[in-house]
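Asks: Below are the structure tokens for one structure; questions will follow.
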Amino acid sequence: MTDRRIDPRVVKTQRRLRRALVELMQSMPVGSISVQHITSRANVTRGTFYLHYRDKKDFVSITLTQVLDDFFRAVSVNDNVILGRKLLRLQTFGVEAAFLYLHRHPAEASVLFDDRHKDYLFSVLKKRLYQNVAAFTKQADENDTEQSVKLEMQQAFIIHGVLGLFSCWVAKGMKENAVEMTDDLEQLLSHNDLHLAVSKYFNTKKINNHS
């Protein structure tokens, strides 16, 4: 049987290159970052870089996709959710987990919400949120009398609001802790009489309370 384990040296090199890219993105737009910048910061040779990636575009695409994949993997929470008259087991967005992840990865947090990189990260982050929310709310009954606002309008309103809150928190140095921010977002999401299905995708239960 073939051993398909990845060489730990490869993993270490890719992590160094990823860290170098994220660090450089904190002070430079992606278009201004060269392979030489990346390899110098990561302390690897250009030859080693090209063993793993075709070119800078390939590296940036793969690496930033990994950044987003890791983020969504960290915040994905399967939980019981009531949508209309249904009790369903669905994948939700763990709000406290998101705040904790960003706090533990401040460099990645800063570039995720940096306007200079919106075409590379923020716009993709928003697109993936829309896709996840659409899959979530597909389970809701469009004819449910509780849904007083169309799902498309709910998505636009709540997703932009949630991302705005994360962006503001990151920009101000992430001073409040994850529990405080989760409590604040829970109040914002629940402070209405509209019974918005989309708001239930953003799971504000404390981590040790997920069933």
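Asks: Could you check the spin-label model distance between residue 27 and residue 104? Points 7 Å from the Cα along Cα→Cβ, value in nm.
Replies: According to this spin-label approximation, the distance is 2.8 nm.
Asks: Taking Cα centroids, how far is the range 106-120 from the range 19-97 in Å?
Replies: So the separation of the two Cα centres works out to 10 Å.
Asks: What number, in percent, do you get for the relative contact order of the chain if the mean sequence gap of Cα pairs under 8 Å and at least 6 apart is divided by its residue count?
Replies: 23 percent
Asks: Jot down the radius of gyration and Dmax of the range 69-209, Cα atoms only, both in angstrom.
Replies: My reading of the Cα-based Rg and Dmax gives 14.8, 44 Å.
Asks: Let me ask something else. Fully extended, how many nm does the chain gain between residue 127 and residue 69 (0.36 nm per residue separation, minus their Cα-Cα distance)?
Replies: 19.6 nm is the gain from fully extending residue 127 to residue 69.
Asks: Ok, one more. Answer with one residue from 37, 162, 50: the one whose Cα lies farthest towards the positive end of the charge dipole of the chain, charges on Cβ with Lys, Arg +1 and Asp, Glu -1.
Replies: 50
Asks: Have a look at 135, 83, 25 and report the one farthest towards the positive end of the charge dipole of the chain, computed about the Cα centre with Cβ charges (Lys/Arg +1, Asp/Glu -1).
Replies: So the residue furthest toward the plus end is 25.
Asks: Taking 27 Å as the cut-off for C-alpha to C-alpha distance, list the pairs among 126/175; 56/172; 127/205; 57/138; 150/175; 12/205 that go past it.
Replies: Working: 126/175 24 Å; 56/172 31 Å; 127/205 24 Å; 57/138 35 Å; 150/175 35 Å; 12/205 35 Å.
Exceeds cut-off: 56/172; 57/138; 150/175; 12/205.
Asks: For the chain, give the magnitude of the charge dipole about the Cα centre (Cβ charges: +1 Lys/Arg, -1 Asp/Glu; no others), in debye to the nearest 20. Let's see the in-between values first.
Replies: Details: 30 positive and 24 negative charges, 231 e Å.
Roughly 1120 debye for the chain.
Asks: Please give the charge dipole size of the range 1-118, origin at the Cα centre, charges +1 on K and R Cβ atoms and -1 on D and E Cβ atoms. Round to the nearest 20 debye.
Replies: It comes to approximately 260 debye.
Every read-out reported here was derived from the displayed coordinates using simple, explicitly stated rules and does not represent laboratory data. Just so you know, these numbers come straight off a predicted model, no measurement behind them. Positions of Cβ are backbone-derived with ideal geometry, glycine not excepted, and every protein chain shown enters the neighbour counts.
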